[in-house]
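Asker: One structure, as structure tokens, below. Some questions next.
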Amino acid sequence: MLPNALRSPLLPSIAFGSLRPAFLMPMNDLDALFQKGLACYEGKSVPQDYGEAVKLFHEAAEQGHDEAQYYLGQCAAYGHGLTRDFAEALRWYRLAAEHGNVAVQYELGQCYESGSGVPQDYAEAAKWYRMAAEQGDAHAQNKLGMILCEGLTGPAGYAEAINWFQRAAAQGDADAMCNLGVCYQEGKGVSRNDAEAANWFQKAAEHGSARGQYLLGWCFYLGEGVLENYDEAYARFQRAADGGYAEARKLLTRLIPPAPSR
């Protein structure tokens, strides 16, 4: 079974335009068919009826409607109106992804990366992440960068990883900002630059990243890229802990709180 994250909202369907064969329904009609199926699936405005939803999804899915393909996969994965069959579910998920659905491409990447419902396969994960990344998905760009940086599919590709991290960071992805900071801190794909590392950790922290707060805390603790400042380091570790970062919580149990300001 795919993780619950696969239930995330999907992007609008891809239009096939003038290349669409004449014997297929116009995309507007397929959208209407899908929406009827979705109403039956969710039980909104009509009684919930998985069997009818499957029938409507299938009609649209067979004609290339990516959202219908995704939901038909959901029906097969969870036994909604169909016998539960993960192989069949995966077939429909793949079709949706191959039709350009960014959300499904990303989720398939996550499944193959973690081995959720499929054998763990970093090369396959990278394939799906790349498809989504090339369409501008920041999370996929960051994930692809991580696989490349860690050399999970072959020799580490730091230069390409940096490029994907930068593209994701430019869209406000805080994880990518942290990863860029680590690359500067460790000299991976770029010349080591502690000040630039601290700068990226700061940006990540400003975007709400608990990990960014934690990494910036270490910069202040060790005086790397910033002036050494125990009080500021402790404050950053505290913010990271408050944000749910487990490593920060463990660390705080071993640190002495700063003296109160007078």
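Where a number appears in this text, it was derived from the coordinates with a stated rule and is not lab data. Being a predicted model, the structure only gives us computed values, none of them experimental. Here Cβ is always computed from backbone atoms with ideal geometry, including for glycine, and neighbour counts include all displayed protein chains.
Asker: If the requirement is being in a helix (DSSP H, G or I) and under 30 Å from C219 (Cα atoms), which of these qualifies: A176, A126? Spell out the reasoning first.
Answerer: Details: A126 fails: under 30 Å from C219 (Cα atoms).
Residue meeting the stated conditions: A176.
Asker: Report yes if some residue within segment 77-87 is within 27 Å of G145 (Cα to Cα) and charged (D, E, K, R); otherwise report no.
Answerer: No: zero hits.
Asker: So, of the residues in segment 136-160 that are more than 16 Å from the chain's Cα centre (by Cα) and among the hydrophobic types (A, V, I, L, M, F, W, C), which turns out to be surrounded by the fewest Cβ atoms within 10 Å (Cβ to Cβ)? It would help to see each step written out before you state the result.
Answerer: We begin by selecting, within segment 136-160, every residue more than 16 Å from the chain's Cα centre (by Cα); these are 149-160.
From what is left, the residues that are among the hydrophobic types (A, V, I, L, M, F, W, C) are 149, 152, 156, 159.
Details: C149: 22, L152: 14, A156: 16, A159: 11.
The qualifying residue surrounded by the fewest Cβ atoms within 10 Å (Cβ to Cβ) is A159.
Asker: Same structure, new question: Scan segment 66-76 and tell me whether some residue there is over 20 Å from L38 (Cβ atoms), among the aliphatic types (A, V, I, L, M) and buried (at least 16 other Cβ atoms within 10 Å of the Cβ). Outline the logic, then answer.
Answerer: Restricting attention to segment 66-76, the residues satisfying the condition of being over 20 Å from L38 (Cβ atoms) are none.
No; the residues of segment 66-76 include none that is over 20 Å from L38 (Cβ atoms), among the aliphatic types (A, V, I, L, M) and buried (at least 16 other Cβ atoms within 10 Å of the Cβ).
Asker: So, one more: Just the residues that are more than 15 Å from N28 (Cα to Cα), of a type outside the set (S, T, Y) and assigned to a helix (DSSP H, G or I), please, taken from segment 46-70.
Answerer: Within segment 46-70, G51, E52, A53, V54, K55, H58, Q69 meet the criteria.
Asker: Here's a follow-up. Out of the residues in segment 179-229 meeting the condition of being among the hydrophobic types (A, V, I, L, M, F, W, C) and in a loop (DSSP other than H, G, I, E, B), tell me which one is nearest to G151 (Cα to Cα).
Answerer: Only one residue tops the list, namely V190.
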